[in-house]
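Accompanying notes for the structure given below.
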Amino acid sequence: MSALALKQLPSSAIIMLVSIVGIVSTFLVWHLSMRSDIDLTALSDISWQIAEVDSRGRLVRLGSHPFALALLFGLVAAGCTTFAWGALQFFRLASVAPNQIDERLSERLEKVGQELDDEVFSVVRLLKEHLELSGSHSESLAKVSSSLVASTPPERVRAIIQMLISENKKVQNEVRELNSRLQQSQQQIEKLRISLSDSHKLGMLDAVTSLKNRHWLEIYLPKEVATATDTNGYLSLIMADVDHFKRINDTFGHAVGDEILRRFAELLSKNIKGRDTAARYGGEEFIILLPQTRLEGAKNLGEQIRGELENKKWMHHRTGQPIGKVTASFGIAEWRQGEDCYALLDRADSKLYEAKAAGRNRIIADE
């Protein structure tokens, strides 16, 4: 394993690997020492092996010394304990909720972008103030040039003033150039910030359907539940699953399957409005999040989508071969006061399972 690969592993995984190597190495050394003709002594004259000489003068090994066995057992026990500790740390790290990590990353990106903007605008403001001050200073010098007393030779006074004005103009030009370069940097930073924001948004889009993905849902569904809790509002959720999708993939290929998913996603997007959001939950499962919507409204929407999908005619885009009817099953639930987002998802998923068990191509709501 390369050094780069080791750096990418968590420390707990490295500890587990080292423990396994240590245990195997211990057994290997012990095995070689038992087969060796060399009398190994680890402490004073205590031999690792017990042996005697037979009638022909040959060395006969009877086994390993108790001290060697004890040391072997101790090393193996230490290796096993280390491995168990590393495994515990590894699974504890893996148990951290991915949505919490993603949400912290999202907040950190937004915070960094805002701090960059604030810093750049602050520097630009300071430079503009300096530029205005330099201009004011230049005007003051020009006024002084026209009002100097005649006690000093006019030629000398004019020469001094002109020199000061010239130097001040140089400073002004340099500040203007610096200001222009800084504004260009600000524009570049703004583009970078927008690029980071777009990258973050792309991480929340499904590559096949261009709908929001499960990552988005795990972040924003708790927020919608929190909003409904704070405002004592309504929230409904539709979970949809394309019927017999595996059979479609196996029969017509994954390209056709992906095209059906895209068309179904377009159907969902066409029928939602306002703050409603459609997301691909995974595989052939989709979710429609409906803030400020009661159960009856969600049922009507689900029935409208189900009927439109059932009435579509499908055929292979290359061969023209009829694919047959494509349908979907729907499970619907309305959020209850005091309920978290996972309970809402579970109820909708349970009703989706009931719809499939009842024959598919239907909606079942948690009344």
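The values are calculated or read from the model by the stated rules, or taken from the named source; none is laboratory data. Owing to the predicted nature of the structure, the values given are computational and were not obtained by experimental measurement. So basically every Cβ, Gly included, is an ideal-geometry build from the backbone, and we count neighbours across all protein chains shown. To get the accessible areas, we keep the full protein, side chains included, count just its heavy atoms, and leave off ligands, DNA and RNA. Shrake-Rupley method; radii C 1.70, N 1.55, O 1.52, S 1.80 Å.
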Bounding extents of segment 202-346 in its principal axis frame from Cα atoms, largest first in Å, are 54, 32, 25
By accessible area of protein heavy atoms, probe 1.4 Å, what ranking do Tyr281, Tyr342, Tyr234, Tyr220 get, highest first? Tyr342, Tyr234, Tyr220, Tyr281
Given the pairs Lys223/Lys270; Lys212/Lys273; Lys270/Lys351; Lys212/Lys270, which span a C-alpha to C-alpha distance of over 19 angstrom in this model? Lys223/Lys270; Lys270/Lys351
Just read off the accessible area of Asp340 with the full protein assembly in place, 1.4 Å probe, to the nearest 10 Å². 80 Å²
Could you order the peptides 300-308, 283-291, 317-325 from most to least packed, using the average number of other C-beta atoms within 10 Å per residue? 283-291, 300-308, 317-325
